[in-house]
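Read-outs: derived from the displayed coordinates by stated rules, not from any lab. What you see is a predicted model; the values in this text were computed from it and never measured. Here the Cβ positions follow ideal geometry from the backbone for every residue, glycine too, while neighbour counts run over all protein chains shown.
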Amino acid sequence: MYEKNGEKYYVVDAHVALWDGRESNLRNIHGKQFIDCFYDYHKNLSPEEVVWDYDTYTYYGGERLMKDLFDEGYVDHAIFQPAHLGDFYQNGFGQTEEAWALTQAHPDKLTYNHNFDPRNEQAGLDQLRRDAERFGLKGVKLYTAEWHGDSRGYKLTDPWTYKYLEACEELGVKNIHIHKGPTIIPLDRDAFDVADVDAVATDFQGLNFVVEHCGLPRLEDFCWIATQETNVHAGLAVAMPFIHTRPRYFAQIIGELLYWIGEDKIQFSSDYAIWTPKWLVEKFVDFQIPEDMTEYAPLTATAKKKILGLNAAKMYDLDVPADLRLPEAELADPGLEVAAGAKESVFS
Amino acid sequence: MSAVATPAASPSTRRRGAGTQHGASLANQVLEALATVMDPELDEPITGLGFVRSVALHPAGVTVHLRLPTSFCSPNFAYLMVSDAQDALRRVRGIGRVTVVLDDHHDSDKINAGIAADAGYLGTFGAEAEEGLDELRLIFQRKAHAAAMERCVMAALTAGSVRVEHLGRLTLGDLPAGRTKEALLRRRTDIGLGVAPGERVVVDEHGEGVPDEELPLRLRLATSVRISIEGNAHFCRGLLATRYAGGDASALTTEVTETTETITDTTSTASTTSTASTAPSVSHPRTARRPKLDPKD
């Protein structure tokens, strides 16, 4: 919980990881390239005083995670979104057993989402059923750019992915977090293409699709899809830290998202440990759309409360303390211009 | 910020330093050729983005090293930039053998081998490639056009030279001369649209006018496209500086070296160059190191 100027904010960090990118866990050069890429993201967009040293960054462990998220980071609840990356790391990148043990020790604070890879076909589908039972899965994290033997990516519209999503619907694994990395297959197409999200969102109305880093670097394609599909949501991983380095760009991202998809479908996350939540939460609560950006509506305290935690809490059925909920009156109508109103006029 | 198409360095900067007049002018031509190569995704020249790590002129030709913000930048775009750079350099008269190398990418080996062998896109990527990258390039040229169109329209609206309800009738001739307009004309040419003064400004990707009732939504989407492209360019610049210059974008430079003279060594072996003069594989060249060039100049 974060409190400022008499307003209280329930905070859900909807995308966190407990990874191991140490040398001892690398399978090949690509594992090193991957964690180095993450570290560059961290260094490039974090305030200088919260930049970690490289060794800490490659592995920080559960205790550090609890401190950064809950002791210092104002987070009430966090959701693990692990990437497997079995072709890059000996024991995978996301540490399943460690994260699961931590979740069991702190069930009020942590939710464990797992992952699947449709290229594992029937064996993977059987595993998904066992995982859903073992972890009590409410969601999964899919990294479509994952390498897998000779394959360097898959699409949500692949026949096997459909079988997995059908199983998710059946098993009540209703929140599908999609991380659009640079998918290599098919190489002819845009590596960040989000068109497959459009297709599965239409075909699986019972599932929520949370597109992480709100489709960046294809914000416009994502917005176009999300405005037409009621079950497509925006995760703010990667977008959040621009609030520090480039606040005007952040204002544009938030402004675009509010315009196209509205304040009920945007979820905060730090993408821990790429970034830490403390400074992101503080800056977000203080943030306002610059006055000269008249094309965007102001960011209200209600919108901030929804984005920081209430939207994800609703999706994950989290028990929000009564004093941190919104009054009934503020729940229904966002009162903001959204894409449906775009046809009226953007310039009026 | 706006996309700025600037060459790697100002001519005056490039002419400084050692080297023969011929070498200096060849270096200029090489940099100018590289400045015509665009990052298809960011709609900016690779020189301005800092993607040209080094240019080495030597008696046999030129070797250019390219670099990208991360190891995991999309390999199809990476390939396009390396391949376009090779094509642009080969058009420089008297340049000799052209070698373009992509550094520090997860597909560096594959791309470099394919480029060196002139294997083309399909030959470079084998089964992962299907037909070609023309369609991909076109998608991003259309995005670049939408963004350039939006900049012109917003500038006209801000200046008060056109009213919202008349936007559908705005023509290229109505736009004031300048970089914003030039950028639009270039991008129209890229996707096969006309550039005559009577052409309408607000058109779809096929050059068709947009009905009045669709104008606001069309422009709103174009705004999103522009924001997306500009934001990505900033992110890529920041990551490149973090990766190669300790986070200091101003320290991100293109190193230009020139081997001005070769001294034949008795141990010389077979020439590997495509030029008429022979160049020993083992030599003691005097390397003239030029001042580092700032890609943002």
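Structure notes:
- Peptide B:213-226 has a mean shielding of 5, counted as Cβ atoms of other protein chains within 10 Å of each residue's Cβ.
- Listed peptides B:244-255, B:202-213, B:221-232 appear in the order B:221-232, B:244-255, B:202-213 once ranked by packing, highest mean of other Cβ atoms within 10 Å at the front.
- Kirkwood hydrodynamic radius (C-alpha pairs) into Stokes-Einstein, the range A:94-138, 20 °C and 1.002 mPa s, D in µm²/s: 191
- Taking only Cα atoms of the range B:84-234, radius of gyration then Dmax in Å: 19.7, 56
- Per residue, the Cα convex hull of the range B:134-210 amounts to 76 Å³.
- Of the residues B:THR158, B:GLY168, B:LEU193, the one whose Cα sits farthest toward the positive end of the charge dipole of the range B:134-210, with +1 on the Cβ of Lys and Arg and -1 on the Cβ of Asp and Glu, is B:THR158.
- Net charge of neighbours whose Cβ lies under 13 Å from the Cβ of A:PHE209, counting Lys and Arg as +1 and Asp and Glu as -1: -2
- Distance between modelled label sites at A:LYS4 and A:HIS106, nm, 7 Å Cα→Cβ extension: 2.2
- Distribution of pairwise C-alpha distances over the range A:72-193, 10 Å bins, in %: 13, 43, 33, 10, 1
- Alpha-carbon gyration tensor eigenvalues x 5, square-rooted, for the range A:158-227, Å: 21, 14, 10
- Cβ-based charge dipole, the protein assembly as shown, positive-most Cα from B:VAL202, A:PHE222, A:TYR59: B:VAL202
- Virtual spin-label span in nm between A:LEU171 and A:ARG134, 7 Å along Cα→Cβ: 1.1
- Note: chain A, Cα convex hull, 140 Å³ per residue.
- With Cα atoms as the point set, the radius of gyration and Dmax of the range B:27-111 evaluate to 12.0, 35 Å.
- Gain upon complete extension [B:SER250, B:GLU213; 0.36 nm per residue less C-alpha separation]: 8.7 nm
- Chain A: relative contact order as a whole-number percent, Cα under 8 Å and 6+ apart: 19
- Evaluated over the protein assembly as shown, the Cα radius of gyration and Dmax, each in Å: 26.1, 89
- Inter-probe distance in nm under a simple model that places probes 7 Å from Cα toward Cβ, at B:GLU205 and B:SER25: 4.3
- Based on DSSP H segments of at least four residues, each scored -39500 (n - 2.57), chain A has a per-residue ellipticity at 222 nm of -10000 deg cm²/dmol.
- Nearest-0.05 FRET efficiency for B:THR171 and A:GLU295, computed from C-beta distance (R0 22 Å): 0.30
- Take the Cα radius of gyration of the range A:129-183 and divide it by 2.2 N^0.38 Å, N being the number of residues; the result is 1.17.
- Lys, Arg +1 and Asp, Glu -1 on Cβ, resulting dipole of the protein assembly as shown about Cα centre, debye, nearest 20: 2200
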